[in-house]
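A.B. asks: Would you mind keeping the following structure in view while I ask a few things?
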Amino acid sequence: MVTRKRYSLKTREGKEALTGYFFLLPALLLLGVFLLYPMGAAFYYSFTDFYILRPGEKNFIGLENFQMIIGDAEFRQALRNTLYFTFLVVPIQIAVALGLALLVNKKLKLKVFFRTAYFSPVVMSLVVVSILWTFMYNPNEGLINEMLGLLGIPPQPFLTSPDQAMNSIIVMSVWQGAGFQMMIFLAGLQNIPDHLYEAADIDGANTFHKFLHVTLPGLKNISLFIFITITIAAFKLLVQPMIMTQGGPLGSTKSLVYHIYEVGFNYRDVGYASAMAVVFTVMVLTITIIQRILVKEERG
């Protein structure tokens, strides 16, 4: 029969356990105040008609807010924009990050300089990066159009065009975030045993075959981790459209999170914004669970 070990505050193990809980308490308090309480409040408000300018007049309205979401054209457009951004930025950013990692992993001169240069956008504030690229995308005096002019290409509208605005944000987002995934890929590349490449050389494998049969399998677990983290980050798109386009032109860059923010803080409709936030959370959780199931099946 297995007996559960009991700790007493007078014993050494009990004092160590009490000390551990004491150091854990601040983190639990912060977690409760800034995560658990807002999540619970948002879930409660999603069933009310809470208007931020009338905080004392909250009424329980059941599922009316969720029924409004079904017929909300702006919500559907924001969801399409978010899915479009996610489906493009995830594979492109992974490919760019892997390419940069393969490049800086080679024994080249100035390797440390290139690692620093590729990683530097990550440590910059996303707001600052968005403002910088807004100037670069300027259709009249922007740096990118100046460079295109040297190649004989006419100026492009970029952020002022409904057809180009989201793609322009995707390019900027990949440039800003690929450096972080590059460092993770680089750590994975350096952990692949050299004898696998030596065996491939003996078998007569060329560079592409070594990449396909040695490098990619060695990076499988890291690639799955990066895929999940980029996907979650892409769904939380907010800063770039808020700073660069304010959701325009014609709502072509308004993301789901930005739409929730706009309804909650600009229109003060906290109840409806909370309902959309609950739906958004369920979507992200569902995608995360599916990804984890696929990862477990892949490992199995």
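A.B. asks: Nearest 0.05, what FRET efficiency do ASP203 and PHE34 give at R0 = 51 Å with Cβ-Cβ as r?
C.D. replies: After rounding to 0.05, the efficiency reads 0.40.
A.B. asks: Here's another thing I want to ask about it. Using 0.36 nm per residue, how much length does the chain from SER120 to ARG292 gain when fully extended, once their Cα-Cα distance is taken away?
C.D. replies: 58.9 nm
A.B. asks: Check every DSSP H run in the chain and write down those whose alpha carbon atoms cover 20 angstrom or more along the long axis and whose mean Kyte-Doolittle hydropathy is 0.0 or greater.
C.D. replies: 12-31, 73-104, 165-190, 220-235, 270-299
A.B. asks: Report, to the nearest whole %, how much of the accessible area of the chain belongs to carbon and sulfur atoms, 1.4 Å probe, protein only.
C.D. replies: C and S atoms contribute 67 percent here.
A.B. asks: On to the next question. Using only DSSP helix segments of four residues or longer, with each worth -39500 (n - 2.57), what per-residue ellipticity at 222 nm results for the chain after dividing by its residue count and rounding to 500?
C.D. replies: -21000 deg cm²/dmol
A.B. asks: Accessible area per residue of region 69-299 at 1.4 Å probe, in Å²?
C.D. replies: 55
A.B. asks: Distance between Cα centroids, region 35-60 to region 216-230: provide it in whole Å.
C.D. replies: Here the answer is 39 Å between Cα centres.
A.B. asks: Give the Debye-formula value of log10 I(q)/I(0) at each listed q (0.07, 0.10, 0.14 Å⁻¹), with one equal scatterer per alpha carbon of the chain, two decimals each.
C.D. replies: Computed log10 I(q)/I(0) values: -0.42, -0.80, -1.18.
A.B. asks: Based solely on C-alpha atoms, express the radius of gyration and the Dmax of region 18-133 in angstrom.
C.D. replies: Gyration radius and largest Cα-Cα distance of region 18-133: 23.2, 67 Å.
A.B. asks: How far apart, in nm, are two points set 7 Å out from the Cα along the Cα-to-Cβ line at LYS58 and at TYR44?
C.D. replies: Result: 0.5 nm between the two label points.
The values are calculated or read from the model by the stated rules, or taken from the named source; none is laboratory data. These numbers come from a predicted model, not from an experiment. All Cβ positions, glycine included, derive from the backbone under ideal geometry; neighbour counts span all protein chains shown. These area figures cover heavy atoms from the full protein model, side chains too; ligands, DNA and RNA do not enter into them. Shrake-Rupley method; radii C 1.70, N 1.55, O 1.52, S 1.80 Å.
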